[in-house]
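A quick write-up on the structure given underneath.
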Amino acid sequence: MRDKKPELLVPAGGLDTLKVAVDYGADAVYIGGQAFGLRAKADNFSIEEMKQGVEYAHAHNAKVYVTANIFAHNYDLDGIRAYFGELKDTGVDAVLVSDPGVFTIARETMPDMELHISTQANNTNYMTYKFWYDHGIKRVVSARELSLAEISQIRANIPDDMEIESFIHGAMCTSFSGRCVMSNYATLRDSNRGGCCQVCRFIFDIGETEAYSMTPKDLNMVPYIEEMIKVGVNSFKVEGRMRSIYYIATVISVYRNLIDKIRTNSNTQAYTKYCLDILNRCANRDSTPQFFDKLPGVNEQYYLGRDEVSNQDFLGIVLDYNENTKEVTLEQRNYFKPGDVAEFFGPNKEAITITIPEIKNSEGAVLDAARHPREIIKF
């Protein structure tokens, strides 16, 4: 096992999510600007918000990476050049690109910026890694479709100081490493310019046959994290810049604790199962290791409907806890009422379970239930 601690890299669609990601144990956060990334529907970051995010992350010993990994057309190039001119002064630690033209512009406008090659560049073999290394790149994001054996071969054939970044959790794309045009045809929204409508998630009904969907199951690498560490993956990447704060906090907590337990030789089979159970609570699709351990068949790869449903709802965010009065102040997100059993979890804390007592609104009025999203509740 390599001595260097692998980086836990997580997504943030906005400034609030970035802060939660850092608080819950992310070593690095990747974000998108308001142009030239692949999540146009996320909140994304203005230049000023990037600076605020960088300041917060660096104060907590975390890094910030920015995605600029669209498939660029001629009419994008002047805008990209201007954008990089602003980006270079934000303090971000690296920029992800996939297009050789965008890479060239990045080198010209941000000569001191660390560049990473996005998975959108279809990085499936060690010669691709060596090509980018010869162009000064020290980190390449592997395609999500690679097996353990293929990642091992890449590591064995690239320089020791070159880093492999690999996805460990989140949505998979029906097309190879995201190179899809179904959204373009179905809705005129360009998949590779941030506008994907996720048409593969649609339910198709073509008459007499059973309705179906092309959506893959999510990626979940919990059972193989130790093998990924041993094989020499340097950065473990979570997908989900459009996911909720609850999702991000839960996923980071699981992988942070799991990675730390593996590195201290304190992980157990029981804890691994616990991690899988916790992740299942915040997911809307089944999950699987996908291509890592074998070439999956249809029933293994594609989401055909869940046999079970999540047994937990995201009730709210704790804003304050008064140690003297034992009073919790919470911003409500989903319906709950006195008598419901709720679990509280936070950074570096064991989860605790309580039965919700009498609840009041911010003015002290007793409520029979918390019904209104973002209402301030006390109990």
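Looking only at the range 86-117, which residues are among the β-branched types (Val, Ile, Thr) and part of a loop (DSSP other than H, G, I, E, B)?
Thr90, Val92
Give Arg281, Arg285 a once-over and let me know the one that is over 22 Å from Ser166 (Cβ atoms) and within 20 Å of the chain's Cα centre (by Cα).
The match here is Arg281.
For residues in the range 94-104 being buried (at least 19 other Cβ atoms within 10 Å of the Cβ) and either of a type in the set (Val, Ile, Thr) or in contact with a Lys or Arg (Cβ under 7 Å, 6 or more places away or on another chain) (or both), which is nearest to Ser142 (Cα to Cα)?
The qualifying residue nearest to Ser142 (Cα to Cα) is Val97.
Output the residues belonging to the range 215-246 that are surrounded by fewer than 21 Cβ atoms within 10 Å (Cβ to Cβ) and farther than 20 Å from Leu146 by Cα.
Met242, Ser244, Ile245, Tyr246 - these are the residues of the range 215-246 that are surrounded by fewer than 21 Cβ atoms within 10 Å (Cβ to Cβ) and farther than 20 Å from Leu146 by Cα.
With (1) within 21 Å of the chain's Cα centre (by Cα); (2) open to solvent by 20 Å² or more (accessible area, probe 1.4 Å) as the list, and Gln120 as the residue in question, which single condition is left unmet?
(2)
When the residues of the range 165-189 are narrowed to those that are modelled with pLDDT under 75 and not hydrophobic (A, V, I, L, M, F, W, C), which ends up surrounded by the fewest Cβ atoms within 10 Å (Cβ to Cβ)?
Here the answer is Arg179.
Results for (1) modelled with pLDDT of 95 or more; (2) outside any helix (DSSP H, G or I); (3) open to solvent by 10 Å² or more (accessible area, probe 1.4 Å), shown as yes or no for each residue.
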site	(1), (2), (3)
Tyr30	yes, yes, yes
Ala40	no, yes, yes
Ile70	no, yes, no
Tyr75	no, no, yes
Gly79	no, no, yes
Phe84	yes, no, no
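State the number of residues belonging to the range 125-143 that are open to solvent by 10 Å² or more (accessible area, probe 1.4 Å), within 22 Å of Glu239 (Cβ to Cβ) and aromatic (Phe, Trp, Tyr).
Looking only at that region, the number is 1.
Go through (1) open to solvent by less than 50 Å² (accessible area, probe 1.4 Å); (2) in contact with a strand residue (DSSP E or B) (Cβ under 9 Å, 6 or more places away or on another chain) for Asp205 and report which single condition fails.
Just one mismatch for Asp205, condition (1).
Restricting to the range 289-338, name every residue that is surrounded by 12 or more Cβ atoms within 10 Å (Cβ to Cβ), polar (S, T, N, Q) and at pLDDT 75 or above.
Gln290, Thr329, Gln332, Asn334 - these are the residues of the range 289-338 that are surrounded by 12 or more Cβ atoms within 10 Å (Cβ to Cβ), polar (S, T, N, Q) and at pLDDT 75 or above.
Looking only at the range 5-20, filter to residues that are crowded, with 20+ Cβ neighbours inside 10 Å and farther than 27 Å from Asn265 by Cβ; which one of those is modelled with the lowest pLDDT?
Per the criteria, the residue is Gly13.
Name the residue that is surrounded by the most Cβ atoms within 10 Å (Cβ to Cβ), counting only residues in the range 349-367 that are assigned to a loop (DSSP other than H, G, I, E, B) and modelled with pLDDT of 95 or more.
If we take residues in the range 349-367 being assigned to a loop (DSSP other than H, G, I, E, B) and modelled with pLDDT of 95 or more, then Ile356 is surrounded by the most Cβ atoms within 10 Å (Cβ to Cβ).
The values are calculated or read from the model by the stated rules, or taken from the named source; none is laboratory data. Note that the coordinates shown come from a computational prediction; the quantities given were computed from them, not determined experimentally. Neighbour counts are summed over all protein chains in view; Cβ atoms, including those assigned to glycine, are modelled from backbone coordinates with ideal geometry. Just so you know, the surface numbers come from the protein's heavy atoms only, side chains and all, with ligands and any DNA or RNA stripped out. Shrake-Rupley method; radii C 1.70, N 1.55, O 1.52, S 1.80 Å.
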